[in-house]
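See structure below.
The values are calculated or read from the model by the stated rules, or taken from the named source; none is laboratory data. Just so it is clear, the model here is predicted, and its values are computed rather than measured. Glycine gets a Cβ as well: all are built from the backbone with ideal geometry, and neighbour counts include every protein chain shown.
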């Protein structure tokens, strides 16, 4: 796995994003050149402090519990405060979702993994970077990004896209528990048929994320 700091191959994304105005719109993250868009949720775990047991719970279940509509902008900040202390994540569950995503997109698909750089990441990922490889390498890239974490995954590539740019997976909000995907009809149909990844279908103009209210 070779990390390259020459990110010219990923510049097209940053030039195509709509960075003016509301930055919580899908098109502010993913270029608005795709026919279909999805918000993909990473799995979330509900812990019962009294029993000491935990179970996987869906965002839709949490929206019902908190009496909050499960709509385009629903995210972790939409969940009622009385629920949030009992939520966590699991690296094992997240890797299973990544494997499902790989199977949908194509395990041998040549892709570029791109990160914009983070202050709290390992030094080799602190500056903008790209890694070229097949989609099957996604777990390996995520594992390298999370070299200092144990129980849950914190870091993911900010963008993943194939060489032909027929789809684009991305997120610029750290630890938000979700990705955005712009894609074609074939991938869209596979996503609709599967049950492993929780998702919401939206448009390029959709407000996909609800920023936290300042306290």
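Data overview
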item: Residues that are surrounded by fewer than 17 Cβ atoms within 10 Å (Cβ to Cβ), in contact with a strand residue (DSSP E or B) (Cβ under 9 Å, 6 or more places away or on another chain) and outside any strand (DSSP E or B), drawn from segment 191-212; result: 192, 203, 205
item: Test set (1) under 23 Å from residue 7 (Cβ atoms); (2) surrounded by 14 or more Cβ atoms within 10 Å (Cβ to Cβ); (3) at pLDDT 90 or above - residue 153 fails condition number; result: (3)
item: Matching entry among 98, 87 (being in contact with a helix residue (DSSP H, G or I) (Cβ under 9 Å, 6 or more places away or on another chain), surrounded by 14 or more Cβ atoms within 10 Å (Cβ to Cβ), under 21 Å from residue 149 (Cα atoms) and modelled with pLDDT of 90 or more); result: 98
item: Filter result for residue 117 (at positive phi, surrounded by fewer than 15 Cβ atoms within 10 Å (Cβ to Cβ) and in contact with a helix residue (DSSP H, G or I) (Cβ under 9 Å, 6 or more places away or on another chain)); result: yes
item: Members of segment 94-131 that are in contact (Cβ under 8 Å) with a residue 60 or more places away in the chain and farther than 21 Å from residue 3 by Cβ; result: 96, 97, 100, 101, 104, 105
item: Any hit, segment 29-48, residues being in the same structural domain as residue 183 (by TED's automatic domain parsing), in contact (Cβ under 8 Å) with a residue 40 or more places away in the chain and assigned to a helix (DSSP H, G or I); result: no
item: Candidate set: segment 49-62, residues that are in contact with a strand residue (DSSP E or B) (Cβ under 9 Å, 6 or more places away or on another chain) and without any contact (Cβ under 8 Å) to a residue 12 or more places away in the chain; chosen: the one farthest from residue 209 (Cα to Cα); result: 53
item: Hits in segment 63-93 - residues which are in contact (Cβ under 8 Å) with a residue 24 or more places away in the chain and part of a helix (DSSP H, G or I); result: 76, 77, 78, 86, 91, 93
item: Yes/no for residue 147 being within 21 Å of residue 31 (Cα to Cα) and surrounded by fewer than 20 Cβ atoms within 10 Å (Cβ to Cβ); result: no
